[in-house]
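Asker: Can you keep this structure in mind? I'll have questions shortly.
The values are calculated or read from the model by the stated rules, or taken from the named source; none is laboratory data. All figures in this text were calculated on a predicted structure; none of them were measured in a lab. Counting neighbours? That spans all protein chains shown, and the Cβs are built from the backbone with ideal geometry, glycine included.
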Amino acid sequence: MTDFRAKIAAYIAPAADWDARELAQLMEIPPQAELGDYALPCFALARHWHKAPQQIAVNLQEKLSELPPFIRAIKTQGPYLNIFLDPAYYMATAVKEALDTQQVPGQNSVSDQRPVIVEFSSPNIAKPFHIGHAFTTILGEALARIYTHQGYRVLRFNHLGDYGTQFGKLIVAYERWCNQAELESDPIKELNRLYVAFHQAAKEDPELEAEARLRFKRLEEGLEPETALWKQFRDLSLREFNRLYQRLNIQFDNMNGESFYSPFIPAVVEMLQRKHLLEESEGAQIVRLDEYKLPPCMILKSDGTTIYASRDIAAILYRKEQYDFQKNLYVVGLPQSLHFQQVFAVLKKAGYDCADDCEHIGFGTVRFAGARFSTREGHIIELEDLLNEAVAKSRKIIEENNQQRGGDMSVAEMDLAAERIGLGAVQYTYLRSGRERDIVFSWDEMLNFEGDTAPYLLYTYARARSILRKAGFTSLEPDLQAGLSSLGSDSELQLGRLLNTFAAAVQQACQANEPFMVARHIAQLARTFNKYYGSTPVLNTPDLNNRQDRLELVKACCRVLETGLNLLGIQTVDRM
């Protein structure tokens, strides 16, 4: 989409004898509309011009007497050069670009096609997929979509938690208390019951912990029956996880779990020894990180078994060798910040510059009001239960609305709308705020059709599509004959600005790894559109040219809303 800031700066640069890119960075958006669309403060030019900023503004206005088509007027206000865009030109550009069938709104391209690895979801094998896992899953997928939209080659990695002492615990519990019938009918539920049972029993019998560590050590050595049981737990878990991923429309390029990288750890240990970085501390092998003001990073436990850090170091080196990534992003909760700082610091100390290309994308916690989560204690809310509840509540609302309209939606249409609205309500709840903020779920908030929610955004999209259907349009193809010259009212300009700046919002979201910037932008677009439609006739406009122009504006809003929702992983509905 046209960057009017850059376009204005390129026009002013020769007269100012200044670099256009620097001018673009200097330009501001005035606080009041009567001061223009953009303003150039002339303070920075004073040293070069050897004049007062007020005089520079006047001199620039005199030099810029021949205005290009996109500028209506240039005025001065003290040390500011105020630029007023031509409304008709601006609106025509914003609408046409939003409807350009050759490019999706906000799409970009980058020259470096080395992959960006986004590691997310990463649930633990044999444990339920709960609403905490949903944060990394939904956030990671949104980031992967945004990076792809910006032109990067993205690889989605699911670093499964399929190794560690917890599997020794599970093996011990399985052999003592497993119900085979329950394992076959509901494997995750039974495996989680065994995990909880182990921790309850271990409170009375501490020897169970020692046995669990021994069984995991045997698993690391590839011995039976531990290996066979571990494979069974993994296969049963993946079957359940993949069903959820399919429902959320998520596909991974790589699902190598922690176990995959375990064979590479001896090479990591040898490398750290060779570089004299590894030392013994109370029987464990550690790397000191005093120069990074970090506590030591443990590489091997005192019994010789591996931990998260050693497996993550091996994973980074493997990924760099195999994929030569330009970025390696870890979408993992904020409590793991120290862990990643230590892992990256060990690599940096060992001389691997790829550590600088690794980044931890942290996020907050999730809860329902008054609820406490603990897998060990069995206090969790499973994601599938949350999704099913959201869909059921959405279905009820849709049924009520359908009855009020006379029952114009079929059962299949209501089912599809309920599924997308319910899933969208959950997804948007995770993405609408900065990722580091904690989330407290509220059904009233999530499913509010008038608040900052997915149902409100989806309703706005469906409302706009309804307008177009009534006008005889079934697609968002632009009418190439539409002049768009009648657009330019204040309310239309507000919509035009949001259409035009959508690309910048996506770019900022990518740079900051913050999908909420996209969510915030399309929420503003939806509110502005509803206000516009409530005050401005579209279908009933007597002037046919004006009617056509306004319908093209509605199409453009539809297309940008749909694109923004898609970047958040939310599928639209045409009717609800």
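Asker: Residue 516: closer than 24 Å to residue 568 by Cα and modelled with pLDDT under 95, yes or no? Reasoning before the result, please.
Answerer: Values: closer than 24 Å to residue 568 by Cα: yes; modelled with pLDDT under 95: no.
No.
Asker: Right, next: Exactly one condition in (1) modelled with pLDDT of 95 or more; (2) crowded, with 18+ Cβ neighbours inside 10 Å is false for residue 436; which is it?
Answerer: (2)
Asker: For residue 206, only one of the following conditions fails: (1) modelled with pLDDT under 90; (2) touching a Lys or Arg at 6+ places or on another chain (Cβ under 7 Å). What is its number?
Answerer: (2)
Asker: Let me ask something else. So residue 419 fits all but one of (1) among the charged types (D, E, K, R); (2) modelled with pLDDT of 95 or more; (3) exposed (fewer than 12 other Cβ atoms within 10 Å of the Cβ); what number is the exception?
Answerer: Going through (1) among the charged types (D, E, K, R); (2) modelled with pLDDT of 95 or more; (3) exposed (fewer than 12 other Cβ atoms within 10 Å of the Cβ) one by one, residue 419 breaks only (3).
Asker: Next up: Name every residue in the stretch 28-50 that is surrounded by fewer than 19 Cβ atoms within 10 Å (Cβ to Cβ) and within 19 Å of residue 85 (Cα to Cα), in order of residue number.
Answerer: The initial filter retains those residues of the stretch 28-50 that are surrounded by fewer than 19 Cβ atoms within 10 Å (Cβ to Cβ), namely 28-35, 41, 43-44, 46-50.
Selection gives 28, 29, 30, 31, 32, 33, 34, 35, 41.
Asker: Counting only residues that are of a type in the set (A, V, I, L, M, F, W, C) and free of Cβ contacts under 8 Å to residues at least 24 places away in the same chain, give me the helices (runs of 4 or more DSSP H) lying completely in the stretch 355-464 with at least 2 of them.
Answerer: Fully inside the stretch 355-464 and qualifying: 411-431.
Asker: Just checking, which of 563, 536 is within 15 Å of residue 105 (Cα to Cα) and either modelled with pLDDT under 95 or surrounded by fewer than 24 Cβ atoms within 10 Å (Cβ to Cβ) (or both)?
Answerer: Values: 536 fails: within 15 Å of residue 105 (Cα to Cα).
Criteria check complete, one pass: 563.
Asker: When residue 108 is evaluated against the numbered criteria (1) more than 25 Å from the chain's Cα centre (by Cα); (2) at negative phi, which criterion, by number, is the only one it fails?
Answerer: Result: residue 108 passes all but (1).
Asker: Helices (runs of 4 or more DSSP H) wholly in the stretch 81-195 with at least 3 residues that are aromatic (Phe, Trp, Tyr) and touching a residue at least 12 places away in the same chain (Cβ under 8 Å) - which ones? Spell out how you get there, then give the answer.
Answerer: Details: elements: 87-98, 131-149, 165-177, 180-185.
Output list reads 165-177.
Asker: For the subset of the stretch 141-161 comprising residues that are surrounded by fewer than 24 Cβ atoms within 10 Å (Cβ to Cβ) and among the small types (Gly, Ala, Ser), which member is modelled with the lowest pLDDT?
Answerer: Applying the filter and picking the extreme gives 161.
Asker: So, one more: Residues of the stretch 520-572 being more than 24 Å from the chain's Cα centre (by Cα), of a type in the set (S, T, N, Q) and part of a helix (DSSP H, G or I), which ones?
Answerer: Across the stretch 520-572, the qualifying residues are 530, 535, 545, 546, 548.
Asker: Taking residue 477 and the conditions (1) charged (D, E, K, R); (2) at pLDDT below 95; (3) surrounded by 15 or more Cβ atoms within 10 Å (Cβ to Cβ), which numbered condition does it fall short on, given that it satisfies the others?
Answerer: The one condition residue 477 does not meet is (3).
Asker: Also: Could you list all residues from the stretch 301-314 that are closer than 14 Å to residue 159 by Cα and surrounded by fewer than 22 Cβ atoms within 10 Å (Cβ to Cβ)?
Answerer: 308, 309
Asker: Would you check if residue 282 is within 27 Å of residue 213 (Cβ to Cβ) and in contact (Cβ under 8 Å) with a residue 12 or more places away in the chain?
Answerer: Numbers: within 27 Å of residue 213 (Cβ to Cβ): yes; in contact (Cβ under 8 Å) with a residue 12 or more places away in the chain: yes.
In short, yes.
For every residue, the table says whether it meets (1) modelled with pLDDT under 95; (2) surrounded by fewer than 18 Cβ atoms within 10 Å (Cβ to Cβ); (3) over 24 Å from residue 143 (Cβ atoms).
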site: 339; (1), (2), (3): no, yes, no
site: 347; (1), (2), (3): no, no, no
site: 353; (1), (2), (3): no, yes, no
site: 367; (1), (2), (3): yes, yes, no
site: 380; (1), (2), (3): yes, no, yes
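Asker: From the list 44, 57, which one is out of contact with any strand residue (DSSP E or B) (no Cβ under 9 Å at 6 or more places or on another chain), not in a strand (DSSP E or B) and not assigned by TED's automatic domain parsing to the domain that holds residue 491? So that I can check it myself, show each step before the final result.
Answerer: Numbers: 57 fails: out of contact with any strand residue (DSSP E or B) (no Cβ under 9 Å at 6 or more places or on another chain).
Sole residue among the options that is out of contact with any strand residue (DSSP E or B) (no Cβ under 9 Å at 6 or more places or on another chain), not in a strand (DSSP E or B) and not assigned by TED's automatic domain parsing to the domain that holds residue 491: 44.
Asker: Here is a follow-up. Go through the stretch 314-331 and give me each residue that's in contact with a helix residue (DSSP H, G or I) (Cβ under 7 Å, 6 or more places away or on another chain), within 13 Å of residue 118 (Cα to Cα) and of a type in the set (Phe, Trp, Tyr).
Answerer: 325, 330
Asker: Does residue 206 fit the bill of being in contact (Cβ under 8 Å) with a residue 12 or more places away in the chain, at negative phi and surrounded by fewer than 23 Cβ atoms within 10 Å (Cβ to Cβ)?
Answerer: No: the conditions fail for residue 206.
Asker: Quick one: is residue 329 in a strand (DSSP E or B) and either touching a residue at least 40 places away in the same chain (Cβ under 8 Å) or assigned by TED's automatic domain parsing to the domain that holds residue 235 (or both)? Steps first, answer last, please.
Answerer: Values: in a strand (DSSP E or B): yes; either touching a residue at least 40 places away in the same chain (Cβ under 8 Å) or assigned by TED's automatic domain parsing to the domain that holds residue 235 (or both): yes.
Answer is yes for this residue.
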